[in-house]
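In what follows, a structure is listed as structure tokens, so that the remarks can point back to it.
Derivation of every value follows stated rules applied to the coordinates shown; laboratory data play no part. This structure is a prediction, so every number in the text was calculated from the model and none was measured. FYI the Cβ positions are ideal-geometry reconstructions off the backbone, even for glycines, and counts take in every protein chain you see.
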Amino acid sequence: MVEKDYEEAVKWYRASADQGLDEGQNALASMYFYGQGVSKDYQKARDLYLLAAEQGNFESQKMLGDIFYQGIGVAQNYEESVKWYRLSAEQGYDLAQVMLSILYGQGRGVKRNFVIAHMLANLAAAQGNENGRRLRDTSERELTFEQIAEAQMLSSEWQPGMTIPTETSTWP
């Protein structure tokens, strides 16, 4: 078994991040976020996640969503969390789809819409995400047959890279 050497990992991730590589920026950000091999520093983590997210790194986009959703080192901001979760979810990342589904279901940072919440939960569930399955099943209790049909149609037609709808025809 190989022993974990976080300080050595930080060295290599930093070299990668310094070259502008999003995967290195994301990995180094996580080291700062969790305090592995370096002192925990949410500001540095957020800055590095932002650099990677702006290059399209879906994991960093999701982490920025988490940071703003929970208010970790920043003021809690649901609108900003929706922005980052949406970018990640549109790349097909199931964890971001679950979080965006929750925000649509709660109406936090976005107009409440159980049809979109169901669609997103269904997309995550289709990838084997258990939280997505539970959210989908729970959201069905709030929907009519017609609304469930619309959510199912939206999720069956959606592909990674497509925009996630912000409105639906069957939700007020």
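Sort out which residues of region 25-63 are surrounded by 22 or more Cβ atoms within 10 Å (Cβ to Cβ), more than 17 Å from TYR85 (Cβ to Cβ) and of a type outside the set (A, V, I, L, M, F, W, C), and write them in order of number. Matches in region 25-63: GLN25, TYR32.
Each residue in region 13-23 was checked for being without any contact (Cβ under 8 Å) to a residue 12 or more places away in the chain and not in a loop (DSSP other than H, G, I, E, B), and 2 pass.
In the list GLY73, GLY65, which residue meets the criterion of being in contact with a helix residue (DSSP H, G or I) (Cβ under 7 Å, 6 or more places away or on another chain), of a type in the set (Gly, Ala, Ser) and not in a helix (DSSP H, G or I)? Answer to the selection: GLY73.
Here ILE148 passes the criteria (1) in contact (Cβ under 8 Å) with a residue 40 or more places away in the chain; (2) in a helix (DSSP H, G or I); (3) among the β-branched types (Val, Ile, Thr) except the one numbered (1).
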